[in-house]
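Beneath this line is the structure, given in structure tokens, with notes to follow.
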Amino acid sequence: MISEIPHALSAICDALATHPTLVELDLSDNAFGGRCAENMVNFLEKTSIERFKLNNNGMGPAGGTIIANAILKNAETSQAEGRESNLRTVVCGRNRLENGSAPAWAKAFAAHKNLREVRLPQNGIRPEGIKQLAEGLSQCPALE
């Protein structure tokens, strides 16, 4: 049932949050929407994952902002602990992120200076939001 999805997502993310050899989490093509964004925060703030894929989930601007802020917190925690972020790939396409989440994503990207790949296709992000994203990504010299 739809009411079970947030709890199931929390259980998965919490179980994997401290897994030492986890490299990638791909939650793509699960239409759980922005109502489940908060259930991934603990995982995203604490994990040292390299690749995070959240494609085609219907997050919307509010859910996208929650996810981006958790990714930003991850970078801040890594920096406070004196280590570099392991995050190299972020995929968050087809989520209707729109311009509303662009400032949060730009900050998150700028904080993860070792990012190599970012994919945000088909999100309805207009030129103003694209400019903000580009400014954040300009802080990532390893971007491919």
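The values are calculated or read from the model by the stated rules, or taken from the named source; none is laboratory data. The structure presented is a predicted model; accordingly, all values stated were derived computationally and were not measured. Please note: Cβ atoms are built from the backbone with ideal geometry, for glycine as well, and neighbour counts cover all protein chains shown. Keep in mind that these areas ignore ligands, DNA and RNA; they rest on the heavy atoms of the full protein, side chains included. Shrake-Rupley method; radii C 1.70, N 1.55, O 1.52, S 1.80 Å.
Assign unit charges at the C-beta atoms only (+1 for Lys and Arg, -1 for Asp and Glu), then state the dipole size of region 10-144 relative to its Cα centre in Debye, rounded to the nearest 20.
Dipole about the Cα centre, nearest 20: 240 debye.
I need the shape label for region 73-126. Rule: rounded when a/c is under 1.5, else prolate if a/b > b/c, else oblate, with a, b, c from the alpha carbon gyration tensor.
Values: a/c = 3.30, a/b = 2.01, b/c = 1.65.
Judged from the Cα gyration tensor, region 73-126 comes out prolate (a/c at least 1.5, a/b above b/c).
Averaging over every viewing direction, what projected area does the convex hull of the Cα atoms of the chain cover, in nm²?
About 7.7 nm², averaged over all directions.
Could you report region 12-82's accessible area per residue, 1.4 Å probe, as an integer in Å²?
I get 46 Å² per residue for region 12-82.
Quick one: check the C-alpha center-to-center distance for region 16-61 versus region 115-131, whole angstrom.
When both Cα centres are located, 18 Å separates them.
For region 105-111, take each phi angle, set θ = phi - 60°, evaluate the Karplus expression 6.51 cos²θ - 1.76 cosθ + 1.60, and give the result in whole Hz per residue in order, putting x for glycine and proline.
Taking θ as phi minus 60°, the curve returns 5, 4, 5, 4, 5, 4, 6 Hz for region 105-111.
Under the definition of Cα pairs under 8 Å and six or more residues apart, what whole-number percent is the relative contact order of the chain?
Relative contact order here is 20 percent.
Among the lysines, select those whose C-alpha is under 20 Å from the C-alpha of Lys53, and discard any that sit fewer than 8 residues away in the same chain.
Lys73, Lys107, Lys113
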